[in-house]
Structure formats: structure tokens, C-alpha cells
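Worksheet: one structure, shown below.
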Amino acid sequence: MPRTFLVVDDEPAIRAYVKGILQTETFHGLEAESAPAAFRLIQKLNGSLDLVVTDVNMPGDMDGLDLAYAIRDAFPLVPVILISGYASEGISQAAHRGICVHRKAVPTGRDSIER
């Protein structure tokens, strides 16, 4: 059975780039342009995702950190990777609020995400 991941970023080029890195014959990718759109999709799928990769800094009322907290609360078995092109104090706060954090800038290849 294929596994499914979701890439969340307000920049279409970043979404396509990360999806291209991760997608294989057995790892199917979905995309969302915002945290609210992503959470609606996750709810529609009843949390049946194998991974969510989300940008931290996105416009609107819900950013990537808010999305990670919402996923943790509603679907605690869904792993979330936070990515950012900018250093973010929010990532440090996430670690203190129970979100597993590995500091790395926007991924540069499949190996950097698999680690």
C-alpha cells in the first residue's frame, strides 16, 4: 500500500521542490498552500497521512507551528517536519511545547529529509 505525505507551503515552487524530493513510486505526495487548507485536508483524510512537511512562516491566522500543534492534538500519530528558510524563534518554542524539532533549513535533498 502506498504511503502518503503532505507538503504545506505558501510558495508553489517550494511545495513542488519538496514534493519532488520525497515522491517515489511508494510515497505519494499531496500539497496544500496554507495551514488551514492543510488541516482541512488532514481532517478529510481522518489523519491517514504518513508525514506532513510544513513551512513555519506562512501568512494568515494559522502558520506552520499552529498547524503542527493542531495535528499533534487531533492526530498525534502523524509525524510533522517543520522547515524554514529563516531562523525562527517559533521553532525553539515548538520544542518546549512538545513538538519534536530538528534544526535544518529548507531541505536540499531526500537524504536530508530521511535523517
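The values are calculated or read from the model by the stated rules, or taken from the named source; none is laboratory data. Since this is a predicted model, take the numbers as computed values, not measurements. Cβ coordinates were reconstructed from backbone atoms using ideal geometry, including for glycine residues, and neighbour counts include every protein chain displayed.
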**OP:** Please specify each residue of segment 38-62 satisfying the condition of being among the charged types (D, E, K, R), farther than 15 Å from Val78 by Cα and surrounded by fewer than 21 Cβ atoms within 10 Å (Cβ to Cβ).
**Re:** Asp61
Subject >> Count of segment 1-32 residues which are more than 16 Å from Val80 (Cα to Cα) and in a loop (DSSP other than H, G, I, E, B) >> reply: 8
**OP:** Report yes if some residue within segment 69-91 is touching a Gly at 6+ places or on another chain (Cβ under 9 Å), more than 18 Å from Leu22 (Cβ to Cβ) and modelled with pLDDT of 95 or more; otherwise report no.
**Re:** yes
Subject >> Residues of segment 38-76 that turn out to be in contact (Cβ under 8 Å) with a residue 24 or more places away in the chain and in a helix (DSSP H, G or I), as a count >> reply: 15
